[in-house]
Amino acid sequence: MPSPIALTSPPRQDSIFKKRSPSYLTAMRSAQSYLIALSEADARARVRDSASVTSTPALSLSSSATTLSEDTVLNDTPYDNSDGLAYPTVPPTSEHIVSADHLQFGFCPNENYRYKSAHKPGTKLEVHEQDPPYYIFLTTYMSYLLLICMGHIRDFFGKRFYPALFRHLLPFDGYAPLNSDFDSFYTRRFKTRIDDCFSAPVTGVPGRTINLLDRESKDYYHTFSLTGTTTRALNISSYNYLGFAQAQGGCADAVEECLRRYGVSTCGARLEGGTSELHVTGEALVASFLGQEDALISSMGFATNSTIIPALLSRGSLLISDEYNHASIRFGARLSGANVRTFKHNNMKSLESLLREVISQGQPKTHRPWKTILLVVEGLYSMEGTLVDLPTILELKKKYKFNLFVDEAHSIGALGPHGRGVADYFGVNPRSIDILMGTFTKSFGAAGGYVAGSKALIDRLRLRGHGGTYAESIAPPVMVQILASMASIMGVALPTSSAVEVAQQHPGPAHPSQLPAWMDLPPTLRDGSEGRMRLRRLAFNSRYLSRGLAKLGFITFGHTDSPIVPLVLFNLGKMCVFHRMMRARKTPIVVVVVSYPATPLVTSRVRFCVSASHTKEDIDTILRACDEIGDVLDLKLLPGERWPLERIMNNAAELVNTDD
Amino acid sequence: MTTTIDGSASALEPLFAFLSYALIQAESAVYKIPGSHVIARYVKSSHQNDPGRTVLEILLALFAIRTLLQSRTRADNGEKHFIQFSEKEVDELVDEWTPEPLGAPLTPEEQSDLASVPVVSGANGPRPKLANTGKQVLNLASYNFTGLAGNETINVRAIETLRKYGVGSCDVHMDLERDIADFLGTEASILYSQGFSTIPCVISAFAKRGDIIVADRGVNFAIQKGLQISRSTVRWFDHNDLKSLEDVLLSVEKERRKRRGTSSQDDSLSPRVSLRKDGAMVDLPELIELKHKYKYRLILDESISFGTVGRTGRGLTELYNVPATQIDMIVGSVANGLNSSGGFCAGSRIVVDHQRINGTSFVFSAAVPALLAVSASEGINILRNTPSILSTLQENVRAIRAVLDRVEAITIPSHAASPIIHIHLRSSAPAASVSAKPSNPATPAPREAPSFDIVGEERLLQDIVDEALAQGVWTTRARRLRGQELVDARPSIRLAVTAALSRKECERAAGVIKAAVVKVLAKRK
């Protein structure tokens, strides 16, 4: 095998793959795929006749059921399926309603590949964190040491021989240096070496697959230039949990209608001339989705935390934060002027002893009692894949009387039998949580964020939050994407039902009055069946991938129901090789690799972000890739029972449905 | 007696044998490790030469182990203010503690304040329909300076983008970043996803604890938050007073010379040119001169002036004909200037690339949705190709000012060319004479604290706004975060002039505002 670091061609396929590949390929060349191609060609010919009259056939308001053929037709070149991504292995028959392009939302009709995401009452929420053998730690530390030494040597000579490259780090012409040499050391000497694995430019919809703009670098990744070609890859790197990142379908149609009616912008902050009726509708829907009294929507997810937390707390308050909380929470906490204490990640003993200490001690020095104590936790931690231990926290809340703020940036829409986040997953009353915060970027395929809570509190935040006065309000098309995707998760009640009754049942459907009157969702979205299917598929894919990886012998973090599956690589060097090998495969796969400072020093990892748009076969593809690469990179470090890949793939449903 | 000793010695015999055996085994095991011979020889010879050294080395090793095992975070328990309680006492304290409610319910004034915000039904633009009254109004409240809202080309481009990329964020903002850089004439630019959250992150990406920032006393709230989050030392100069700035720069210079060695490594100068609070503008050429003289870096906040000032809307640099490269970082708002969403920072490539890794809200947040980025690019295109938009805007500003400047009861602090017009009530007390007392650069409080009745003035201004709205002209009181801002600004009505209204309509709107001012103030007397 050639050195994986110098990898340019796809890696040699091992025996398992060889055995498998003939059947895999023949399936694609079967009569069915021939029929698909035939019907496409036919449709293309038909559209050409009509399209020659109007110049912009793309802007039609057709129903979603026909968009598959239409979109395929509008592409000048038919899909090349050499990577095995363009067509489903089992093509749709006339019984199936295909609502989306397979490249954006995979076709997976098998009802066995569904699972309901919910916490089994009575079971403990435990994470088995497995440490690797000691030599892994040793080599990881050694690799850091080596890189630090090399970096300093290169800095030493670089500053003497190429001063122009270091100008911004040294005093120049009387100006102080722009940033300190030490601050940027990690970026310059670690990240730059593997910069081809980060922020790869892409084009098109980041759905099930993604189009990467190919790029090359002639100066060791200091600069990149685009080669002009693109590579289509299986996308397991976007936070597209429910697969709503789509350019067709009912949601996109609603957004288009909105752009015609409302334009692009609302021109101002909420309190200064930028409030649209869509905001009022949207906030009511979000509140009923979450089961809270009221909600406030902000135009940026990060800013939701950084502008709302300062409005909640002031001097004399205490914010208790999980050590792995997101940067936006820390940003907001710092701006609030409140005291901040942290506890060990998800460790309820550490939290309780901290609570006992801070309440008994009171404020530092003065020992006055705290005005308020706000506990801020995340529903699902994006780096660890761990779920918050909500039942225990609520027990502690009863005893210690603190206020609870749950950041559901990743869990909203992704967890729970009804997609309502961690409260739904654990089956607790959402109103027992004081403030629910979340973003629309991930599950809803939109942008922005919300906070929800009691009416009095949200009204206070409308006035005191920085965003209402100073930040632009959320744009109409984004707001409508949220409304449409949220309504399709909830389902819409019949217009004859009473609004009060609908509002009382949680988690129930949305009432038609909570949506703009002009919004016309297709029937599968309206009755909630498609939203339910997406939730079930996401839950299945998450469990399948995380359990499959464990059975292959990989060390993964987090809970099995988490749609984020971190696979721990440990060594910094394995990170870029893993990324390159995944990308260079016959079916290219895009993954996100993260390391220090986003993770602890020794646990560099790859994060799989599972989506409902993936099919079971896509997860198979990923498992197979990991299986092969894992052997090369020595990643299968988990002791215990292992299954061969074939067994995992054939028993997927059983693997997912067994309890721990 | 001897027998007992013998007896015990014989009893211990197997133990001794075992010990010596274990010692030999351990020794041979140690010697199996490659290189251990060298170390053993070194230890032996060093101990022979100087036994004291062995003791010292053992102590050093123990110290190293202790340091490694020590917790890296400072434990609060160790502090002298910690009071030891028994478990029972802690339980009692926990039971006793009653927190304040997280958010107190709104007072009736606050409720009416919130209720006074009009809701737009349908698209917002120069003549929107309001949901509460169902009436069409002339809009001088929303930021639509160049009239891009509802532009047909932009809408079509947005729909095309939707069909290609969907709504979610996507990495296509590279085009917009290039367009902004080209438009302003800088090397590069970086896009953030909310205008308000841009400048705090830009400031905190470059300034850290120990750095010095010199800032205008009138900087907007976003900059204040940026200064707070950066933890830098801030020195303040009087609002828009370059003489005061020079004094402060001199005093900072002196301070630094006094304690050379601990001098700061990064100084930035961050005057605001945001027109938000009162619509005043800084004299840029003089500012640049000062920057070169004292070797400072300059952050310019153009969140209002970008897209509204200058011949084609390139902002202050165009107005004063200063090359944009002279300014280290230009921060602007895509939301206000281009009727889309987001903010940007333009500057040299090094400045921009640094933020791609160190700009907190850039790194930890999703990008602007593709269709909004494309709309903004199209907005720049329109500004480039139709310079008449900006001249229309200026004409409208002049038309409104011509009416309002003659109203006795109000004062307007805004620059004559500013499309943001703030209206203050003229205070009954005579204007405070400018005292010669220098201001203290360490505090943001101005030299002479102005006195005004916030509640009273706000109520009057709101009455004026309501009266104008009843007559079909939508204006807004400048909203503030009372209690959270460094200095409470004087209450005002804020007009945002737009090029999308005709001159006639602007004159009519100004007439309505004038009448409303006169009517409300007459009622007070």
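The numbers here are math on the coordinates, done by the rules we state, and not lab data. Keep in mind that this is a model prediction, so the values were computed, not measured. Here the Cβ is made from the backbone with ideal geometry for all residues, glycine too, and neighbour counts use every protein chain on show.
Here are the numbers for the structure shown:
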item	result
Normalised contact order of the stretch A:250-521, rounded percent, pairs of Cα under 8 Å and 6 or more residues apart	29
Check: the stretch A:475-611 dipole with +1 on Lys, Arg Cβ and -1 on Asp, Glu Cβ, in debye	1020
Efficiency of FRET from Cβ geometry, B:L19 and B:V94, R₀ 45 Å, rounded to 0.05	0.25
Two-site FRET efficiency, A:V280 against A:T366, from Cβ-Cβ distance with R₀ of 45 Å, rounded to 0.05	0.55
Pairwise label distance in nanometres, A:M142 with A:T227, each label 7 Å out on the Cα-Cβ vector	3.5
Positive minus negative residues near A:N112 (Lys, Arg vs Asp, Glu; Cβ under 12 Å)	+2
For the protein assembly as shown, size of Cβ-based charge dipole, Lys and Arg +1, Asp and Glu -1, in debye	1900
Mean Cβ count within 10 Å, highest first, over the residues of peptides A:307-315, B:182-190, B:365-373, B:52-60	B:365-373, A:307-315, B:182-190, B:52-60
Charge sum, other residues only, whose C-beta stays under 12 Å from A:P588's C-beta, Lys/Arg counted +1 and Asp/Glu -1	+3
Environment charge of A:A409, counting only residues whose C-beta is closer than 11 Å and scoring Lys/Arg +1, Asp/Glu -1	-2
Inter-probe distance in nm under a simple model that places probes 7 Å from Cα toward Cβ, at B:Y31 and A:S350	4.8
Viscosity 1.567 mPa s, temperature 4 °C, Stokes-Einstein D of chain A from Kirkwood C-alpha radius, µm²/s	48
Rg over Rh [alpha-carbon atoms, Kirkwood Rh] for chain B	1.21
Sites B:L60 and B:S10 - FRET efficiency at Förster radius 41 Å, r taken between beta-carbons, to 0.05	0.45
The stretch B:43-202, relative contact order in percent, only Cα pairs under 8 angstrom and at least six apart counted	7
Inter-site label distance for B:T411 and B:R398 at 7 Å from Cα along Cβ, in nm	2.7
Unit charges on C-beta of K, R, D, E only; dipole of the stretch A:250-521, Debye	1320
Additional length obtainable on full extension of the chain from A:E357 to A:S217, 0.36 nm per residue less Cα span	45.0 nm
Chain A, relative contact order in percent, only Cα pairs under 8 angstrom and at least six apart counted	19
